[in-house]
Amino acid sequence: MKIVGLIPARKGSVTIKNKNIVPFNGKPLIQWSMNSMNESKILSDSFVSTDSAVIKKMAIKSKIKVIDRPKHLANSTATTLSVLKHTVKFTKADVIVLLQATSPFRKKGIIDQCLNKFIKT
C-alpha cells in the first residue's frame, strides 16, 4: 500500500499574507507540518502541493517532494478535495495523509499512531 503525506500550501491567502511561511514559535508555520511528515516511519513519500517558489525551496531543503500546483488549483476557490484528487493522479497513492500547514500542533509520532490504527482496523 502506498501511503503519502501531503501539505497543500498555496502562496496566496485571503486573510494573512504568506501565512504558510509566517514565523510561528521560531519556525515558518509550514515547517511544523513538514517536520511531522519527516518523523513518520510509515509514509512512503511526503509531498507539498504548492505554487510558491519559497515553499518549494523549503520543502526541497526538508527532503520533501514538490507537486507543482497548477493555477486553477492555486486560487481562493480551489478546494482541498480538488488538490487531493490532483495528488492521487500525480502520486498514484492508495492513501493520503493530509496535513494542513495552519494546524501545526501535533504530538510527536501522531501520524504513525493514526496510520497503525488505520492499517489494523
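Taken together, the values in this text are just the output of simple stated rules run on the coordinates, not laboratory data. Remember, it's a predicted structure, so these values are computed and weren't measured experimentally. Neighbour counts are summed over all protein chains in view; Cβ atoms, including those assigned to glycine, are modelled from backbone coordinates with ideal geometry.
Figures for the structure shown
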quantity	calculated
Amide H contacts of residue 74 (H built 1.01 Å from N, under 5 Å, at least 5 apart or other chain)	none
Loop-resident sites, the stretch 1-89, for trypsin sites (Lys or Arg not before Pro), counting at most 16 other Cβ within 10 Å (DSSP)	2, 17, 41, 63
Computed magnitude of the charge dipole of the stretch 10-88 (debye, nearest 20; Cβ of K, R +1, Cβ of D, E -1)	200
Vicinal HN-Hα couplings computed from phi for the stretch 30-37 (Karplus, 6.51 cos²θ - 1.76 cosθ + 1.60; Hz; Gly/Pro x)	5, 4, 4, 6, 5, 4, 4, 5
Signed unit charges on C-beta, dipole axis of the chain, positive-most listed residue 81, 25, 5	25
Most mobile listed residue (93, 59, 101) in the chain, GNM with C-alpha springs under 10 Å	93
Charge dipole magnitude, Cβ of K and R +1, D and E -1 - the stretch 45-121, Cα centre, debye nearest 20	180
Residue 100 versus residue 27: modelled label distance in nm, points set 7 Å from Cα along the beta carbon direction	1.9
Residue 66 long-range amide H proximity, modeled H, under 5 Å	48
Over the chain: helical MRE at 222 nm, DSSP H runs n ≥ 4 each giving -39500 (n - 2.57), nearest 500	-10500 deg cm²/dmol
Theoretical FRET efficiency, 1/(1+(r/R0)^6), r = Cβ-Cβ of residue 118 and residue 61, R0 41 Å, to 0.05	0.90
Amide hydrogen neighbours beyond the local backbone of residue 13, cut-off 5 Å, H modeled	18
